[in-house]
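The block underneath contains the structure these notes are about, expressed in structure tokens.
Computed from the coordinates by the stated procedures, all read-outs in this text should not be read as laboratory data. Source: prediction; values computed, not measured. We place every Cβ from the backbone using ideal geometry, glycine too, and count neighbours over all the protein chains shown.
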2 protein chains.
Amino acid sequence: MNIYDIAREAGVSISTVSRVLNNKGNVTAATRARVERVLARSNYTPSAIARGMAGKPLRTIAVLTVDIRVPHYARTAYTIEREFSRRGYEVSLCNTGGERAEAIRYLRAVTEKHADGIVLVGSIFNQLGSDPQAAPFLREAPVVLANGRIDLPNSYSVLVDDRHGAALAVEHLMARGCRDLFCVRDVATESAEAKCEGFVRALEHAGISDGQDRILDTGQSIAGGEEAVKALLASGRRVDGIVCGEDITASGVVRALRAAGLRVPQDVAVTGYNDSEYARVCDPALTSVDNKPELVAMLCVQLLESLIEKTGPFSSVTIQPELVVRDSA
Amino acid sequence: MNIYDIAREAGVSISTVSRVLNNKGNVTAATRARVERVLARSNYTPSAIARGMAGKPLRTIAVLTVDIRVPHYARTAYTIEREFSRRGYEVSLCNTGGERAEAIRYLRAVTEKHADGIVLVGSIFNQLGSDPQAAPFLREAPVVLANGRIDLPNSYSVLVDDRHGAALAVEHLMARGCRDLFCVRDVATESAEAKCEGFVRALEHAGISDGQDRILDTGQSIAGGEEAVKALLASGRRVDGIVCGEDITASGVVRALRAAGLRVPQDVAVTGYNDSEYARVCDPALTSVDNKPELVAMLCVQLLESLIEKTGPFSSVTIQPELVVRDSA
DNA sequence: CTGTTAGCGCTTTCAT
DNA sequence: ATGAAAGCGCTAACAG
């Protein structure tokens with residue numbers, strides 16, 4: 001069933017049907033009513049593909065994320081989807097797992113389908129900007145990065161100041177009297193790097209210069225946090241505060257500390273990052289850095305929408321995280 | 001840049017270009033090479049829209065879910081996306097929030113774009129099958145429900161036996177000696193209903209007939225779990241075991257029990273549901289029912305793919321949850 | 001093996 | 001206010 005069928009049944013031309021379908025003017029009330037009656041009883045659905053063929057945008061947004069099973073990405077992707085949906089766009093989603101090849105495959109696919117815009121969620125996508133295989137696809141449609149940045153003509157960023165976020169955690173711990181701090185780095189992204197940098201700088205600011213030696217590397221998981229603590233305690237180094245790069249890792253840190261007979265926060269205070277549900281499930285509830293994924297997502301959507309609709313001016317923005325104090329520090 | 005440009009530059013016809021593009025036979029190695037060279041230096045991207053216009057499938061799958069911020073849905077959606085991606089499909093995602101209107105809007109949109117298949121994740125979508133506004137869109141493409149069922153000619157299900165899941169929890173609690181059990185219902189879906197039914201039946205099986213009076217209603221959240229426990233304790237009823245419909249709610253239950261000075265599991269044992277990361281973050285780690293979202297998703301993908309490619313036979317399937325025993329019960 | 005051509009279903013001028 | 005017709009970029013049937 002297509003527009004010709006409707007036109008025939010209504011005794012008009014396809015132009016007229018098209019006009020009533022798209023609420024264009026120049027149709028008599030009578031004609032419009034006749035067409036609408038036919039429309040109502042037929043179960044005709046216009047073909048968006050044909051509409052796209054005729055040069056109209058398909059109103060779809062491509063979202064690339066590492067893994068929506070990570071709550072932080074889930075919250076970001078959720079907000080992006082909801083906001084674009086509200087604006088009449090559909091979103092297509094890909095979990096690249098950080099795999100360059102997956103990202104490229106997907107970018108090619110969405111370019112072939114003429115996506116109207118692209119959102120890259122996470123600093124891990126920064127590398128695509130200079131990737132000869134990927135970059136061409138990032139020039140066909142406007143691109144916005146959530147907490148990332150690439151240098152391409154039509155790409156913009158909504159950044160989060162993770163250095164500041166980590167510094168907030170350090171300052172809070174020092175204010176409660178902690179002096180022997182450590183930082184848990186649980187992933188190798190620019191964002192994680194920024195957190196470490198914030199940690200080191202904040203220590204320097206407090207006159208402690210060996211921050212670089214106080215960074216613990218581990219995996220992003222409960223087990224990762226546990227292992228980092230076990231290794232630290234085994235080293236015999238003094239510790240009374242731990243800044244973690246993720247709530248989930250922090251929960252492992254807390255668990256291992258308690259298992260070792262240490263009290264949190266009395267003996268060792270712990271901070272998480274992301275202010276996720278994990279922070280509230282954890283016992284004691286985690287003091288955590290809120291890096292505002294919903295706000296970031298919202299700004300990404302607004303930015304991308306104005307890029308697509310060419311209602312300028314546009315500019316990249318940076319938002320500041322905040323510390324949410326609970327029981328672990 | 002389109003297929004005509006390539007054809008002209010290579011000095012061949014568009015058919016030939018189309019043939020090399022799609023690896024069809026009947027092209028001399030020499031001709032193929034010539035076209036491929038032109039292809040390589042041009043940054044031509046074929047238009048999937050035009051291809052769709054010519055009758056080829058666009059290879060997109062629409063996934064409807066309640067809210068991917070809920071880990072169980074995130075895991076399901078993640079697996080669906082990954083598996084379809086591997087098979088050369090793209091997935092478009094909508095978080096309906098359980099809103100009928102959102103589901104309908106989205107179904108209309110994806111029908112206009114000729115989605116090749118639809119996945120409905122969650123029993124909340126069961127009602128769409130008999131919804132006159134929604135059902136027509138569920139007839140245009142094959143539909144698979146994850147843990148749901150609708151009665152439409154081209155719709156199939158991958159079901160989870162949640163009655164059995166809840167019964168497993170009850171049996172485990174009774175085996176540890178619990179006698180005064182309660183069940184926390186934290187949402188109003190058929191799936192939640194099935195869990196309650198499983199709870200009641202398992203009690204009956206053990207000679208306890210007042211199961212229906214042992215169901216506590218609350219919200220699906222930490223606070224929901226806490227409130228349920230507070231109300232229960234205030235009522236003065238004896239309790240030594242609580243079966244929860246969700247890990248997140250169970251974590252609130254545990255927290256409130258401990259706050260009331262009760263030990264988990266010694267005084268009151270608690271079971272969660274979904275075997276999510278929350279179960280592992282919670283202290284004590286939750287004994288939880290694993291309802292296998294990855295397996296469900298995988299089966300949905302296989303089912304839908306065979307429906308799309310018409311490689312039968314198809315049939316709905318039911319999978320059985322398993323209990324994962326940890327420290328809370 | 002290669003080229004010509006007729007659609008696919010819509011939007012949009014341009015006539016009338 | 002309405003209709004005729006061109007064109008969007010591709011696939012595939014058909015002709016050569």
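So the values come out like this:
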item: Leading residue at positive end of dipole, chain A (Cβ point charges), from A:Ser209, A:Met1, A:Ala115; result: A:Met1
item: In sequence order, calculated HN-Hα J values of segment B:324-329 (Karplus, 6.51, -1.76, 1.60; Hz; x Gly/Pro); result: 10, 8, 10, 9, 7, 6
item: Backbone HN-Hα couplings from phi across segment A:134-142 [Karplus 6.51/-1.76/1.60, Hz, Gly and Pro as x]; result: 8, 3, x, 6, 8, 10, 7, 9, x
item: Candidates per GluC sites (Glu not before Pro) in segment A:272-329, loop by DSSP, up to 13 other Cβ within 10 Å; result: A:Glu309
item: Relative contact order, percent, chain A [alpha-carbon distance under 8 Å, six or more residues apart]; result: 15 percent
item: Computed magnitude of the charge dipole of segment B:162-290 (debye, nearest 20; Cβ of K, R +1, Cβ of D, E -1); result: 480 debye
item: Nearest-first distances (nm) between copies at A:Asp5, label 7 Å from Cα via Cβ; result: 3.7
item: Computed FRET value (nearest 0.05) for B:Arg108 with B:Asn26, which takes r as the C-beta separation and R₀ as 60 Å; result: 0.90
item: Segment A:162-290: C-alpha gyration tensor shape, a/c 1.5 cut-off, then a/b vs b/c; result: rounded
item: Residues A:Asp213, B:Asp247 arranged by fewest to most Cβ contacts within 10 Å; result: A:Asp213, B:Asp247
item: Calculated diffusion of chain B, Stokes-Einstein form, Kirkwood radius summed over Cα pairs, 25 °C and 0.890 mPa s, µm²/s; result: 110 µm²/s
item: Of every Cα-Cα pair in the protein assembly as shown, the percent that sits beyond 49 Å; result: 21 percent
item: Cβ-vector label at 7 Å, A:Gly55, separations to other copies in nm; result: 2.8
item: Virtual spin-label span in nm between B:Ala33 and B:Ser315, 7 Å along Cα→Cβ; result: 5.5 nm
item: Dipole of segment B:225-264, positive direction: furthest Cα of B:Gly252, B:Gly225, B:Gly241, with charges on the beta-carbon; result: B:Gly241
item: Taking N as its residue count, the alpha carbon Rg of segment B:7-136 over 2.2 N^0.38 Å; result: 1.45
item: Point-charge dipole on Cβ atoms (K/R +1, D/E -1) for the protein assembly as shown, about Cα centre, debye to 20; result: 2360 debye
item: Of B:Gly52, B:Ser13, B:Asn26, farthest towards positive along the dipole that unit charges on Lys, Arg, Asp, Glu beta carbons give segment B:3-53; result: B:Asn26
item: Test item: Cα-centred dipole of segment B:3-53, Lys/Arg +1 and Asp/Glu -1 on Cβ, debye; result: 120 debye
item: Whole-number percent relative contact order across segment B:3-53, with pairs defined as alpha carbons under 8 Å at least 6 apart; result: 35 percent
item: Per-residue ³J(HN,Hα) for segment B:179-187, Karplus 6.51 cos²θ - 1.76 cosθ + 1.60, θ = phi - 60°, Hz, x for Gly and Pro; result: 10, 9, 9, 9, 10, 9, 9, 10, 6
